[in-house]
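The values are calculated or read from the model by the stated rules, or taken from the named source; none is laboratory data. The structure presented is a predicted model; accordingly, all values stated were derived computationally and were not measured. For neighbour counting, all protein chains shown are included, and Cβ atoms are generated from backbone atoms with ideal geometry for every residue, glycine included. For accessibility, only protein heavy atoms count, side chains too; no ligands or nucleic acids. Shrake-Rupley method; radii C 1.70, N 1.55, O 1.52, S 1.80 Å.
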Amino acid sequence: MKKGCKYGTHRVIEPAGVLPQPAKKISNDMEIFSNEILIDVIALNIDSASFTQIAEEAGHDVEKIKAKIKEIVAEKGKMQNPVTGSGGMLIGTVEKIGDDLVGKTDLKVGDKIATLVSLSLTPLRIDEITNIKPEIDRVEIKGKAVLFESGIYAVLPKDMPENLALAALDVAGARSEERFS
């Protein structure tokens, strides 16, 4: 198993030599490197400005919203709105931990997590969009994502309602996304 750059530059396809966030396209092949974590994605919490822009462009038609989100991810390998430049965050369960990270992280396979790095730099593959909840900018999917070694996350607490935990974490994630966009 090969080791990638802790910041994910090994996944950048175009243009070469940049970090994943400003890249036009990144690899979302889901073959993880030894210092990456594979996530079975449950939902995307799309940045509010991004979701609003997509919904308005799609005339608030749910099928057109789904198609636009799938188009963005297929083209870029990540969820980064080409108009707003923003992404959001995801929730999912840990499917596999790269060999170099085993024992160096508190994560276990099966843990439910929220990533606190932007979807605008996260390799993502959408197999199916199962539901869209426009009132909370949430897109429920079947898919996979990769968290780089440098990526931050939070294990979702079992004793707190998921929506409450996500609301608190989304604010923290949004601040960091604004800072680095």
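Some values worked out for this structure:
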{"read-out": "Residues satisfying the stated conditions in the range 129-141, i.e. open to solvent by 40 Å² or more (accessible area, probe 1.4 Å) and not charged (D, E, K, R)", "value": "Thr130, Asn131, Pro134, Ile136"}
{"read-out": "Near pairs, Cβ below 7 angstrom, 6+ apart or cross-chain, from the range 107-131 (without any contact (Cβ under 8 Å) to a residue 24 or more places away in the chain and within 20 Å of Val155 (Cα to Cα)) to any residue that is open to solvent by less than 10 Å² (accessible area, probe 1.4 Å) and not in a loop (DSSP other than H, G, I, E, B)", "value": "Lys108/Val94; Val109/Val94; Gly110/Val94"}
{"read-out": "Selected residue (only one of Lys70, Lys66, Lys78 is of a type in the set (Lys, Arg), modelled with pLDDT of 95 or more, assigned to a helix (DSSP H, G or I) and within 17 Å of Lys24 (Cα to Cα))", "value": "Lys70"}
{"read-out": "Any chance Lys96 is basic (Lys, Arg), free of Cβ contacts under 8 Å to residues at least 60 places away in the same chain and out of contact with any Asp or Glu (no Cβ under 7 Å at 6 or more places or on another chain)", "value": "no"}
{"read-out": "Neighbours by Cβ (under 7 Å, 6+ apart or cross-chain): first from the range 66-81, over 18 Å from Ala49 (Cα atoms); second in a loop (DSSP other than H, G, I, E, B) and among the hydroxyl-bearing types (Ser, Thr, Tyr)", "value": "Gly77/Ser27"}
{"read-out": "Residue list for the range 1-54, filter: crowded, with 17+ Cβ neighbours inside 10 Å, more than 22 Å from Ile69 (Cα to Cα) and not polar (S, T, N, Q)", "value": "Gly4, Gly8, His10, Ile32, Phe33, Glu36, Ile37"}
{"read-out": "Residues of the range 142-167 that turn out to be among the aliphatic types (A, V, I, L, M) and open to solvent by less than 10 Å² (accessible area, probe 1.4 Å), as a count", "value": "5"}
{"read-out": "Members of the range 78-109 that are closer than 17 Å to Met1 by Cβ and among the polar types (S, T, N, Q)", "value": "Thr105"}
{"read-out": "Residue check for Ser86: touching a helix residue (DSSP H, G or I) at 6+ places or on another chain (Cβ under 6 Å) and under 20 Å from Ala16 (Cα atoms)", "value": "no"}
{"read-out": "Among (1) within 17 Å of Gly87 (Cβ to Cβ); (2) at pLDDT 80 or above; (3) surrounded by fewer than 19 Cβ atoms within 10 Å (Cβ to Cβ) - the single one Ala172 does not satisfy", "value": "(2)"}
{"read-out": "Pick from the range 115-128, criterion open to solvent by 10 Å² or more (accessible area, probe 1.4 Å), modelled with pLDDT of 95 or more and of a type in the set (A, V, I, L, M), ranking: nearest to His10 (Cα to Cα)", "value": "Leu121"}
